[in-house]
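Have a look at the structure below, then the notes.
The values are calculated or read from the model by the stated rules, or taken from the named source; none is laboratory data. These numbers were taken from a predicted model, which means no experiment stands behind them. Every residue, glycine as well, gets a Cβ built from its backbone with ideal geometry; the counts of neighbours run over all protein chains shown.
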Amino acid sequence: MEIDAIVVGAGPNGLAAAITLQQAGLQVLLAEGKETIGGGMRTAELTLPGFHHDVCSSIHPMATLSPFFKSLPLAVHGLSLIQPTIAAAHPFDNGHAAVLKHSIEETAGLLGEDAAAYLQLIKPVVNDWPYMAEDILAPLHFPKAPFRMLQFGLKAMRTADAIVKRFKTPEARGLWAGMAAHSLLPFSYTSSAAIGLVLSTAAHLDGWPLIQGGSQGLADALASYFISIGGEIRTGLYVENVDQLPPARAILFDTGPKQLLQIAGHRFSSFYKSQLSKYRYGPGVFKIDWALDGPIPFTAEECRLAGTVHLGNTYEEIALAEKGNWQGKISEKPYVLLAQQSLFDITRAPEGKHTAWAYCHVPNGAVVDMTAIIENQVERFAPGFKKMIIARHVMNPQQMQAYNPNYIGGDINGGAIDIRQLFTRPALRWSPYRTSAKGIYLCSASTPPGGGVHGMCGYHAARQVLNDLSTSV
Ligand SMILES: Cc1cc2nc3c(=O)[nH]c(=O)nc-3n(C[C@H](O)[C@H](O)[C@H](O)COP(=O)(O)OP(=O)(O)OC[C@H]3O[C@@H](n4cnc5c(N)ncnc54)[C@H](O)[C@@H]3O)c2cc1C
């Protein structure tokens, strides 16, 4: 069979690119280096038989916001989303917790004197999201909804530090810190507010779901749909050099810029090579998966009902830890993101047992063992937690990169998402997806709109390919 396009890498963006091209009538080959597809969406028995852990992504607000994923019949292909009772909880040393609920009014109502400030900050974004989604999850362009985008940009391009001034209570400030820290940026950086706004909005629109059976379920549903429309997938095909691939009208790489340089650098202009070599990475992550004897005994009841728990206490404590990551400092009290899948999905662990997933941010490439520090941080808000641990699996940033070469130094966003690289990833170009070599494209999280499981980088890269092919005939 003649191949029109090859996509290298079957992460969410590789799958999205392959589907978009196949839908347009091209014959597409999706080549994955590992034996299983999924990239950041794999699930495996990392600790003990019967305990199914999400190796990378686990909570999927960005997938539910994705206009592209929404357009696909994924439920028909086996995808089943589970909404935890509470999207996210944020415990404090005093035993109380702030909570991010599906209802924006309920969330605000629990923030006391900050209720109005929360509504003022988030509600306009929630209301305008349906008009702006395609503008936000896209490369830089003239927006379809310019006025709404301007309103959003005036908040999103600010620092998390500037936004927190709207809040007086430790609850609202801490909740905001937990949301903004998903950016992996110091809170004093321009645009460090953007991800916090988008993730809060996601909770109030489509929730923060997990996937029944594990994130692999999303990868499998995407692959099943791709095959149903005639696409072909080959696993175990690691691409070292672009010249090893069969001829095709377009080749798209779901890889990072550094890897792309190794694979196809000999075809690029020296200017483009120099641009790619200057691409910058943010902090890495240190991750632990636990097999547990029971649910985590959080002091605050809300945390026992939450899919995600943000550990880090106050705004100030989290701000300090996140800033330290950029200065090469290891925090003894880091911001920890924790997910409790088995509370809501009984397929994840044997009866009566549980799984938990957690990571903290560390300086890029750090080799320090954060196991005790992370477990102390959980124990701080859930006394008795350590006694529940039956087995654990840990990955430091270097092991994360060895697992997936896209996570350079453990950076899970495919590169820093500060203002300098938010729209110009991987380089300042008319189209961020085109390389300097005709027919070679980048479609990974190292292109706009960046990290997370949403497939929009792959979708836009594929649209660029289709546009180029239509004008070249
Ligand atoms: C610990 C961790 C937790 C995360 N949690 C979340 C979360 O809860 N929610 C969320 O939305 N996001 C999360 N993310 C981020 C998310 O997983 C990534 O942003 C996303 O997977 C990026 O998608 P991608 O398609 O660009 O690349 P990837 O998912 O990295 O996929 C790239 C694929 O390409 C393959 N590949 C690479 N090089 C080659 C080659 N040369 N030849 C052949 N194949 C190759 C790789 O094997 C891989 O399968 C997390 C990431 C990590 C690491």
Practice prompt. Identify, by number, the condition in (1) closer than 25 Å to T255 by Cβ; (2) within 14 Å of the ligand (Cβ to nearest atom); (3) surrounded by 23 or more Cβ atoms within 10 Å (Cβ to Cβ); (4) of a type outside the set (A, V, I, L, M) that T36 doesn't meet.
Written response: (3)
Worksheet, complete the sentence: Within the stretch 437-460, the residues that are near the ligand (Cβ under 10 Å from one of its atoms) and assigned to a loop (DSSP other than H, G, I, E, B) are C443, S444, A445, S446, T447, G450, G451, G452, V453, H454, G455
Fill in: Candidate set from the stretch 41-58 (those that are among the small types (G, A, S) and surrounded by fewer than 24 Cβ atoms within 10 Å (Cβ to Cβ)); member that is nearest to L337 (Cα to Cα)
A44
Practice prompt. Please list, ordered by first then second residue, the pairs with beta carbon atoms under 6 Å, 6 or more apart or interchain, first in the stretch 207-235 and touching a residue at least 24 places away in the same chain (Cβ under 8 Å) and over 18 Å from Y459 (Cα atoms), second β-branched (V, I, T) and part of a helix (DSSP H, G or I).
Written response: G213/T347
Discussion item. Show me the helices (runs of 4 or more DSSP H) found entirely inside the stretch 58-157 where at least 2 residues are among the aliphatic types (A, V, I, L, M), within 14 Å of H204 (Cβ to Cβ) and in contact (Cβ under 8 Å) with a residue 60 or more places away in the chain.
Written reply: 115-136
Item to complete: Hey, could you check the stretch 221-242 for residues that are touching a helix residue (DSSP H, G or I) at 6+ places or on another chain (Cβ under 8 Å) and part of a helix (DSSP H, G or I) and say which is farthest from N404 (Cα to Cα)?
Response: Y225
Response to the item:
Taking the stretch 126-161 and keeping residues surrounded by fewer than 16 Cβ atoms within 10 Å (Cβ to Cβ) and more than 24 Å from the chain's Cα centre (by Cα) leaves F142, K144, P146, F147, L150, Q151
Worksheet item: within 16 Å of the ligand (Cβ to nearest atom), of a type outside the set (S, T, N, Q) and surrounded by 16 or more Cβ atoms within 10 Å (Cβ to Cβ): does that describe L81?
Response: yes
Response to the item:
Exactly one of A75, A98, A44 is hydrophobic (A, V, I, L, M, F, W, C) and within 27 Å of A177 (Cα to Cα), and that one is A98
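Return the only residue of S71, S103 being outside the structural domain of F381 (by TED's automatic domain parsing) and either within 30 Å of F226 (Cα to Cα) or more than 16 Å from the ligand (Cβ to nearest atom) (or both).
The unique qualifying residue is S71.
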Discussion item. Looking only at the stretch 218-238, count every residue that is under 24 Å from the mean Cα position of the chain (by Cα) and either farther than 21 Å from T20 by Cβ or within 11 Å of the ligand (Cβ to nearest atom) (or both) and tell me the total.
Written reply: 5
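Which residue out of T314, T347 is modelled with pLDDT of 95 or more, assigned by TED's automatic domain parsing to the domain that holds P397 and in contact with a helix residue (DSSP H, G or I) (Cβ under 6 Å, 6 or more places away or on another chain)?
The conditions single out T314.
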Discussion item. Could you check the stretch 401-416 and list, in sequence order, the residues that are hydrophobic (A, V, I, L, M, F, W, C) and more than 6 Å from the ligand (Cβ to nearest atom)?
Written reply: A402, I408, A416
Response to the item:
Among residues of the stretch 340-354 being of a type outside the set (D, E, K, R) and touching a Leu at 6+ places or on another chain (Cβ under 7 Å), the residue surrounded by the most Cβ atoms within 10 Å (Cβ to Cβ) is Q341
Practice prompt. Check whether at least one residue in the stretch 294-306 is within 23 Å of S188 (Cα to Cα) and either free of Cβ contacts under 8 Å to residues at least 24 places away in the same chain or not aliphatic (A, V, I, L, M) (or both), and report yes or no.
Written response: no
Discussion item. Looking only at the stretch 280-301, count every residue that is surrounded by 21 or more Cβ atoms within 10 Å (Cβ to Cβ) and either touching a Pro at 6+ places or on another chain (Cβ under 7 Å) or of a type in the set (D, E) (or both) and tell me the total.
Written reply: 7
Worksheet item: In the stretch 1-33, how many residues are under 23 Å from I59 (Cα atoms), near the ligand (Cβ under 8 Å from one of its atoms), of a type in the set (A, V, I, L, M, F, W, C) and in contact with a strand residue (DSSP E or B) (Cβ under 6 Å, 6 or more places away or on another chain)?
Response: 1
Item to complete: Those residues that are of a type in the set (S, T, N, Q) and surrounded by fewer than 22 Cβ atoms within 10 Å (Cβ to Cβ), I need them from the stretch 90-108; list them, please.
Response: N94, S103
Worksheet entry | Check on K353, in contact (Cβ under 8 Å) with a residue 12 or more places away in the chain and under 29 Å from I390 (Cα atoms) | yes
Worksheet item: Would you call K333 outside any helix (DSSP H, G or I), of a type outside the set (S, T, N, Q) and without any contact (Cβ under 8 Å) to a residue 60 or more places away in the chain?
Response: yes
Worksheet item: If you take the residues of the stretch 336-362 that are assigned to a loop (DSSP other than H, G, I, E, B) and within 16 Å of the ligand (Cβ to nearest atom), which of them is nearest to T299 (Cα to Cα)?
Response: Q340
